[in-house]
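A.B. asks: Can you keep this structure in mind? I'll have questions shortly.
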Amino acid sequence: MSNGLGVTEGGKDILEKGQYKLGSGRVIHWQQPGFSAGKGFYGQHDGPAIWPVDQPILDLHGHYCGMVQITRRDPLGWGYRVTVFFFTPLLNIFTKQQWEGTENLTAQTGGMVVATNHISWFDPLVTSHVLWDNDRPPRFLAKESVFRVPIVGAIITSAQQIRVYRETSNATDAVRDGIAAVKRGECVVVYPEGTITREPNMWPMTGKTGAARVALAAGCPLIPMAQWGAQEVMRPYRKEFRILPRKTMKILVGPPIDLSDLQDRALDADTLHLATDRLMDALTGLLAQIRQETPPEERYVFDRQEHS
């Protein structure tokens, strides 16, 4: 599609105050008059403006039409850059990685929902590590209270993580924002249990329906990703670190959950619970493969009031 200023595919580009701002979607990056190169780019371009530069404008046939100043925008934000720069070397030094099934991540070219089991406060770093390494920057659904933590809140706000307002009138905002992110081609990460597992042997509990709702509403793949090892670095609900000796972070990514028979159904409670049960069954099965153990026949039901 051409808008007279350049060549994009699905972008929402605007001319504002003499600057051509690239929108989201697949964007043609101009090089020299007569040449252009397409490159997929994840995320919306609403971060800080960077690299204002004069570039040639090409029409759909690659013909030179003039020059325009392009302001590119950083889709990740400084919070992502800082986090990846700081934590990736530390994770490589202090943990060992045993990742399997990552082809199920790289096979997806558009937006997706990744759902993983929750066993430790260390989980987000482990999850992020495998997604960063496979070129899928994660957008986590995170409790709103985390955004108010000094320094941490500023970082995750810059990194455009998604706020979850539990049990408030704003609770549906996270689902809405998650759907929007997936439709932009991003990777949204959900811990469907909603909290660190309370199951005595750390098997997945019953799941909440948010991950299934986002995937079905957006029409995107729902990828199960089981993980084991983070609990050895930080025990559940404890803040102390046990870095040495090096712990192995085991990840097993499964194929997308088959939701094809649910796509045309109303997103009512029955549909969402059916999709969520499939997800939790898949996560439990993947974790059983990692642990080489048999999971319990009945899934643990967490009562938040009992633990409040």
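A.B. asks: Among the residues of the stretch 182-195, what is the count of those that are surrounded by fewer than 20 Cβ atoms within 10 Å (Cβ to Cβ) and either closer than 18 Å to residue 225 by Cβ or modelled with pLDDT of 95 or more (or both)?
C.D. replies: 2
A.B. asks: What is the one condition in (1) within 30 Å of residue 109 (Cβ to Cβ); (2) modelled with pLDDT under 85 that residue 166 does not satisfy?
C.D. replies: Status for residue 166: all satisfied but (1).
Rundown of residues vs (1) assigned to a loop (DSSP other than H, G, I, E, B); (2) on the phi > 0 side of the Ramachandran plot; (3) acidic (Asp, Glu), yes/no style:
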{"position": "124", "(1), (2), (3)": "no, no, no"}
{"position": "128", "(1), (2), (3)": "no, no, no"}
{"position": "132", "(1), (2), (3)": "no, no, no"}
{"position": "139", "(1), (2), (3)": "no, no, no"}
{"position": "146", "(1), (2), (3)": "no, no, no"}
{"position": "160", "(1), (2), (3)": "yes, yes, no"}
{"position": "166", "(1), (2), (3)": "yes, no, no"}
{"position": "178", "(1), (2), (3)": "no, no, no"}
{"position": "189", "(1), (2), (3)": "no, no, no"}
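A.B. asks: Okay, next question. Within the stretch 205-308, which helices (runs of 4 or more DSSP H) (wholly inside it) include 3 or more residues that are over 20 Å from residue 183 (Cα atoms)?
C.D. replies: 230-233, 269-291
Rundown of residues vs (1) closer than 26 Å to residue 244 by Cβ; (2) surrounded by fewer than 21 Cβ atoms within 10 Å (Cβ to Cβ); (3) in contact with a Lys or Arg (Cβ under 6 Å, 6 or more places away or on another chain); (4) not aromatic (Phe, Trp, Tyr), yes/no style:
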{"site": "101", "(1), (2), (3), (4)": "no, yes, no, yes"}
{"site": "106", "(1), (2), (3), (4)": "no, yes, no, yes"}
{"site": "121", "(1), (2), (3), (4)": "yes, yes, no, no"}
{"site": "124", "(1), (2), (3), (4)": "yes, no, no, yes"}
{"site": "166", "(1), (2), (3), (4)": "no, yes, no, yes"}
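A.B. asks: Taking the stretch 219-256 only, how many residues are buried (at least 21 other Cβ atoms within 10 Å of the Cβ) and more than 22 Å from residue 126 (Cα to Cα)?
C.D. replies: Residues flagged as buried (at least 21 other Cβ atoms within 10 Å of the Cβ) and more than 22 Å from residue 126 (Cα to Cα) within the stretch 219-256 amount to 1.
A.B. asks: Looking at residue 259 and the list (1) in contact with a helix residue (DSSP H, G or I) (Cβ under 7 Å, 6 or more places away or on another chain); (2) touching a residue at least 60 places away in the same chain (Cβ under 8 Å); (3) surrounded by 15 or more Cβ atoms within 10 Å (Cβ to Cβ), which single condition is not satisfied?
C.D. replies: Against the list (1) in contact with a helix residue (DSSP H, G or I) (Cβ under 7 Å, 6 or more places away or on another chain); (2) touching a residue at least 60 places away in the same chain (Cβ under 8 Å); (3) surrounded by 15 or more Cβ atoms within 10 Å (Cβ to Cβ), residue 259 comes up short only on (2).
The values are calculated or read from the model by the stated rules, or taken from the named source; none is laboratory data. For clarity, every value in this text was computed on a predicted model and none was experimentally measured. As a convention, Cβ positions derive from the backbone with ideal geometry for all residues, glycine included, and neighbour counts pool all protein chains shown.
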